[in-house]
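Worksheet: one structure, shown below.
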Amino acid sequence: MEGTILNYRLGSKAQHPKEYIVKFAGVRSRDRAAQLVGRKVVWYTRKGRPLVGKVIGVHGRRGVVRVRFRKGLPGEALGTRVKLKSDHPRLLGN
């Protein structure tokens, strides 16, 4: 399943550079998004290096989730695609 990074998680006075708001294709409700909590997400750099994050919660009522990465992604990651880790057979063993 693929998703799109929409933005950083924003607070009233700060943005959180390790947390992102992600919309997954086909997920339109809070209940369906809640089923994704705890799953791993992979974003690839231009060189093909995978950076792994984790779905930590639901954002709103329309199926958007919050994803936390160990290190913040570069700004060029906004608007790009991420994949659920279970969709990557070579990464399942990790």
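Brief remarks follow.
- Answer label, with Rg and Dmax of the Cα atoms in Å calculated from the coordinates and candidates (1) 12.6, 35; (2) 12.6, 40; (3) 18.2, 54: (2)
- Contact order, relative form, for the chain: 34 percent (alpha carbon pairs under 8 Å, 6 or more residues apart, mean separation divided by residue count).
- Amide H contacts of L73 (H built 1.01 Å from N, under 5 Å, at least 5 apart or other chain): none
- Chain lengthening between Q15 and K71 when straightened (0.36 nm per residue, less Cα-Cα): 18.7 nm
- Zone of S86's modelled label, taken as backbone nitrogen in the stretch 14-43 under 13 Å from a point 7 Å along Cα→Cβ: 33-41
- The count of lysine pairs in the chain that are at least 8 places apart or cross chains, and whose C-alpha atoms lie under 13 Å apart, stands at 9.
- Residues considered: R30, R46, R61. Largest GNM mean-square fluctuation over the chain, using C-alpha springs under 10 Å, is found at R46.
Read-outs: derived from the displayed coordinates by stated rules, not from any lab. As the structure is a prediction and not an experimental result, all values here were calculated from the model. Every residue, glycine as well, gets a Cβ built from its backbone with ideal geometry; the counts of neighbours run over all protein chains shown.
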